[in-house]
C-alpha cells in the first residue's frame with residue numbers, strides 16, 4: 001500500500017521527490033517540446049500531484065528541479081519566441097471527490113467563508129489539446145502563441161489564422177484582448193486524417209492531441225490549413241478592459257464575440273453541484289466528438305479570483321479533476337540503475353512497450369530496493385509480498401497518487417529459474433560503495449564529485465532553464481564536454497573559461513564534428529551573456545540539496561546581494577548563532593534546507609568550486625520588493641495567533657504585496673509582530689526583544705484595509 005505523503009519519513013520523501021523530478025523532466029520534454037509523449041496525460045498529472053503533495057508535507061525537501069515551479073517546457077527552435085504579457089499557468093490536479101471538497105474547503109478558508117456561505121463554480125470539460133493564446137489589438141488578430149514554458153511560447157500566428165474557429169477580427173471588444181483556449185482535433189476528423197495518411201503511405205498520428213499539436217507546428221501554414229483543427233476558448237490573458245464580473249459571463253462574452261466555447265460548461269452553485277456535473281460529463285465522455293481528460297472547476301466570481309491569486313505556477317481559484325486512468329499488463333525485460341545528482345541509486349523497469357490510452361509506455365520507476373523486494377520502508381508487505389524480477393509479467397499502474405510503477409506481478413507467468421533481484425551495493429558509474437543510511441529509503445553512491453553521474457547531473461542542472469539556461473549548451477553538449485580530454489567541463493566555472501581554453505588548444509572546437517565557426521561563436525557569445533546573472537538564479541544553479549527555485553528566490557530576496565548571502569552562510573553554524581537564526585527565520589526555509597545549505601558552503605572542495613564560479617560572474621543584486629507609500633515596505637513581519645477578519649494565508653499574501661518580508665519566527669531583526677487571540681511564545685519573545693506588537697485591527701488600519 002502506498003503511503004500518504006504525511007506518513008513518509010523524511011528520507012522516503014526525499015527519495016521519491018528525486019524519482020519524481022527525473023520522471024517529470026523527461027515527460028515535459030517529450031510532451032511539450034517534442035510532441036511525442038512517452039506517458040499519458042493522466043500518468044503525468046498523477047506524478048505532478050504526488051510531487052506537490054509531498055512538497056506540501058515536506059516543504060524543506062523541495063528540490064531545485066521541482067516540477068512545481070515549472071509550466072510546460074522550453075520552446076524548440078522551429079518558431080520564433082514570444083513572451084506572454086500574462087503568464088500561461090497550469091492547473092493543480094485532483095483525482096477523487098475528496099480532493100475537490102478539500103479544494104473547496106481551502107478556498108473558503110483562504111477567503112474566510114463559512115460552510116453555509118455561497119461559493120459558485122464555473123465547471124467545464126478539460127480539453128485534451130494544445131494550449132494557444134490569441135492576441136487582438138483594436139479588434140484584429142495580431143499574434144498567436146503556444147504556451148511554451150508559461151512565460152515564452154512559439155509564434156504560430158500564420159498557422160493559427162488557417163483555423164476556421166479563430167476569427168481574424170472581432171468587434172465590440174476591449175482594445176487589447178488575449179483569448180486563450182485549446183486547439184484540438186475531433187474524432188471523425190482524426191480518423192479521416194489517418195485514413196488519408198495510410199493511402200498516401202505517410203506516418204499516422206498516435207492520437208488526436210498529437211495530431212493537433214503536430215499540425216499547428218508545421219513550418220508550412222498551408223499544411224496546417226489542410227488539417228481539420230478546431231479551437232475552444234475558455235480563458236483570457238491581458239485585457240485593456242474587463243470582459244465581465246464572473247467567469248461564466250466572460251465565457252458568454254467570448255462566445256458573443258464569435259469564439260467557439262464548450263457547450264458543456266455550467267455554473268454550479270456549490271461544490272456538490274459541481275461534482276454532480278463532473279459525473280454527468282464523465283458519463284458522456286465516450287460519446288463526445290473530442291477528447292477530454294477531466295473537468296475544470298473555477299471560482300466563478302472574478303473578484304474572489306483576484307483575492308485568491310496565484311501560487312508559483314497555478315491559480316488558487318481553479319483545479320482540474322482528472323478522470324481515472326488505466327492499467328496494463330506487459331513484460332519487465334530488465335531492471336536498470338540510474339544514479340542521480342545527489343547520488344541516489346534509482347531502479348528503473350525497462351518494459352516491453354505497451355500501449356495504454358493511446359500512449360506507448362516502455363519504462364516505469366521501481367522506487368528503491370524495498371519496493372522491488374515487495375515491502376515498504378517499515379518492512380511491511382506490499383503487493384501481498386510479491387517481489388519483482390526480470391522476466392516477470394507485470395501490471396503497470398497509471399493513475400492515482402503515485403509515480404508510474406509496477407503495481408502487481410502475475411506469479412503464474414513467472415519464468416522458471418528466475419532469481420530475486422539483487423540490488424547493487426556499489427555505484428554502477430564509479431564503483432564507490434553505495435550506502436543506505438539508517439532512516440533513508442534509498443541507497444546512495446558515496447563517491448561524491450568523483451562519481452561522473454553525479455557530476456554530469458549537477459552540470460545539467462546548472463545549465464537548466466531556471467538556472468543559467470545557456471543557448472547552445474544542453475544536456476548532450478554537457479555530456480560531450482565532460483568526456484572531452486582537450487576541453488573538459490568538469491565544474492561550472494569551466495564553462496566560462498571555455499573560450500580562452502579553446503584559443504590555446506591545438507584542436508579548435510570549430511574544427512570538430514558537429515561544430516562550425518558560426519556555432520562556436522554563438523556558443524561563446526551565449527556563455528558570455530550569462531556571466532551577468534541574478535542572485536536567485538545563481539543560488540538555484542548550485543544544485544544544493546533541498547534548495548529549489550522558490551527557496552532560492554526567498555534567500556535572494558532576504559539577503560539581496562551575493563556578498564551578504566555568502567558572508568551569512570559562511571558565518572552560519574548549524575543549530576547555533578545569529579546567522580543561523582536569521583536563516584531559519586526566513587518564512588519557507590526549514591532546518592533541513594538550512595543545514596544542507598550551510599554544510600555545502602563548509603565543504604572545502606565544493607566551496608572552492610563555488611568560489612571559482614563566482615569569480616567568472618557579475619552577480620546582480622535582487623532588490624527588496626517595495627510598494628510605493630506602503631508603511632510596511634521593507635519591514636519583517638510575523639503573524640501569530642488566530643486572525644479573525646482575514647485568513648493567515650491572505651494576510652501573508654497582502655503583506656508581501658505591500659513589500660514586507662513575512663517571517664515564521666521572531667528575532668531581533670523582526671520589525672513588527674501581528675498577534676491575534678491565542679498568541680503564545682512568539683508574542684512573548686517580541687515583548688522580550690522590544691519588537692512592536694499590534695493586534696489585527698491595528699494591522700488592518702496600518703495597511704489601509706480597515
What single numbered condition from (1) under 30 Å from residue 544 (Cβ atoms); (2) at pLDDT 75 or above; (3) part of a helix (DSSP H, G or I) fails to hold for residue 108?
(1)
Does at least one position in the range 479-487 carry a residue that is in a helix (DSSP H, G or I), within 24 Å of residue 453 (Cα to Cα), in contact (Cβ under 8 Å) with a residue 60 or more places away in the chain and not assigned by TED's automatic domain parsing to the domain that holds residue 609?
no
Within the range 520-552, the residues that are free of Cβ contacts under 8 Å to residues at least 60 places away in the same chain and under 31 Å from the mean Cα position of the chain (by Cα) are 522, 523, 524, 525, 526, 527, 528, 529, 539
Taking the range 628-646 and keeping residues in contact with a helix residue (DSSP H, G or I) (Cβ under 7 Å, 6 or more places away or on another chain) and either surrounded by fewer than 16 Cβ atoms within 10 Å (Cβ to Cβ) or without any contact (Cβ under 8 Å) to a residue 24 or more places away in the chain (or both) leaves 631, 644, 645
Some residue of the range 129-142 being buried (at least 21 other Cβ atoms within 10 Å of the Cβ), assigned to a loop (DSSP other than H, G, I, E, B) and touching a strand residue (DSSP E or B) at 6+ places or on another chain (Cβ under 8 Å):
yes
Mind listing just one residue for me: the one in the range 143-180 that is at positive phi and under 23 Å from the mean Cα position of the chain (by Cα) and, of those, surrounded by the most Cβ atoms within 10 Å (Cβ to Cβ)?
148
Lone qualifier among 603, 616 - being free of Cβ contacts under 8 Å to residues at least 12 places away in the same chain, under 30 Å from residue 470 (Cα atoms) and in the same structural domain as residue 565 (by TED's automatic domain parsing):
603
Any residue at all in the range 162-178 that is free of Cβ contacts under 8 Å to residues at least 60 places away in the same chain and in contact with a helix residue (DSSP H, G or I) (Cβ under 9 Å, 6 or more places away or on another chain)?
no
Within the range 671-690, track down each residue that is under 22 Å from residue 557 (Cβ atoms) and touching a residue at least 40 places away in the same chain (Cβ under 8 Å).
672, 682
Considering the range 429-445 alone, what residues qualify as being outside any strand (DSSP E or B) and surrounded by 15 or more Cβ atoms within 10 Å (Cβ to Cβ)?
429, 430, 432, 436, 440, 441, 442, 443
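With the structure loaded, tell me whether residue 58 is in the same structural domain as residue 250 (by TED's automatic domain parsing) and either modelled with pLDDT of 90 or more or closer than 20 Å to residue 23 by Cα (or both) or whether it fails that test.
Values: in the same structural domain as residue 250 (by TED's automatic domain parsing): no; either modelled with pLDDT of 90 or more or closer than 20 Å to residue 23 by Cα (or both): yes.
When the stated conditions are applied, residue 58 does not pass them.
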In the range 293-313, which residues are touching a strand residue (DSSP E or B) at 6+ places or on another chain (Cβ under 9 Å) and at pLDDT below 90?
293
Residues that are more than 21 Å from residue 12 (Cβ to Cβ) and either under 33 Å from the mean Cα position of the chain (by Cα) or at pLDDT below 85 (or both), drawn from the range 395-422:
395, 396, 398, 399, 408, 409
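Scan the range 215-224 and give yes if some residue there is in the same structural domain as residue 120 (by TED's automatic domain parsing), closer than 25 Å to residue 124 by Cβ and either surrounded by 21 or more Cβ atoms within 10 Å (Cβ to Cβ) or at pLDDT below 95 (or both), otherwise no. Lay out the reasoning, then the answer.
First, the residues of the range 215-224 that are in the same structural domain as residue 120 (by TED's automatic domain parsing): 215-224.
Filter once more, keeping what is closer than 25 Å to residue 124 by Cβ: 215-216.
Add one more test, that the residue is either surrounded by 21 or more Cβ atoms within 10 Å (Cβ to Cβ) or at pLDDT below 95 (or both), and what stays is 215-216.
Checking the range 215-224: at least one residue is in the same structural domain as residue 120 (by TED's automatic domain parsing), closer than 25 Å to residue 124 by Cβ and either surrounded by 21 or more Cβ atoms within 10 Å (Cβ to Cβ) or at pLDDT below 95 (or both).
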Evaluate the following for residue 341: is it surrounded by 17 or more Cβ atoms within 10 Å (Cβ to Cβ), assigned by TED's automatic domain parsing to the domain that holds residue 86 and within 26 Å of residue 550 (Cα to Cα)?
no
Residue 507 meets each of (1) buried (at least 17 other Cβ atoms within 10 Å of the Cβ); (2) assigned to a loop (DSSP other than H, G, I, E, B) with one exception, condition (1)
Examine the range 582-596 for a residue that is touching a strand residue (DSSP E or B) at 6+ places or on another chain (Cβ under 8 Å) and free of Cβ contacts under 8 Å to residues at least 60 places away in the same chain, and state whether such a residue exists.
no
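Quick check on residue 253: is it at pLDDT 90 or above and either over 30 Å from residue 300 (Cα atoms) or part of a helix (DSSP H, G or I) (or both)? Please lay out each step first, then the result.
On the way: at pLDDT 90 or above: yes; either over 30 Å from residue 300 (Cα atoms) or part of a helix (DSSP H, G or I) (or both): yes.
Judged against the criteria, residue 253 is a match.
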Determine which single condition residue 667 fails, assuming it passes every other condition in (1) assigned to a loop (DSSP other than H, G, I, E, B); (2) under 27 Å from the mean Cα position of the chain (by Cα); (3) farther than 16 Å from residue 539 by Cα.
(2)
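Can you tell me which of 289, 312 is farther than 23 Å from residue 4 by Cβ, in a loop (DSSP other than H, G, I, E, B), within 24 Å of the chain's Cα centre (by Cα) and not assigned by TED's automatic domain parsing to the domain that holds residue 19?
Numbers: 289 fails: within 24 Å of the chain's Cα centre (by Cα).
After ruling out the rest, the residue left standing is 312.
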Failed item in (1) farther than 23 Å from residue 536 by Cβ; (2) within 27 Å of the chain's Cα centre (by Cα), with residue 658 passing the rest:
(1)
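Every residue in the range 358-394 that is assigned to a strand (DSSP E or B) and either at pLDDT 90 or above or crowded, with 17+ Cβ neighbours inside 10 Å (or both), please. Lay out the reasoning, then the answer.
So in the range 358-394, the residues assigned to a strand (DSSP E or B) come out as 359-365, 375, 381, 393-394.
Answer for the range 358-394, where residues must be assigned to a strand (DSSP E or B) and either at pLDDT 90 or above or crowded, with 17+ Cβ neighbours inside 10 Å (or both): 359, 361, 363, 364, 365, 375, 381, 393, 394.
The values are calculated or read from the model by the stated rules, or taken from the named source; none is laboratory data. Worth saying up front: this structure is predicted, and the values here are computed from it rather than measured. A quick note on method: Cβ atoms are made from the backbone with ideal geometry, for glycine too, and the neighbour counts reach across all protein chains shown.
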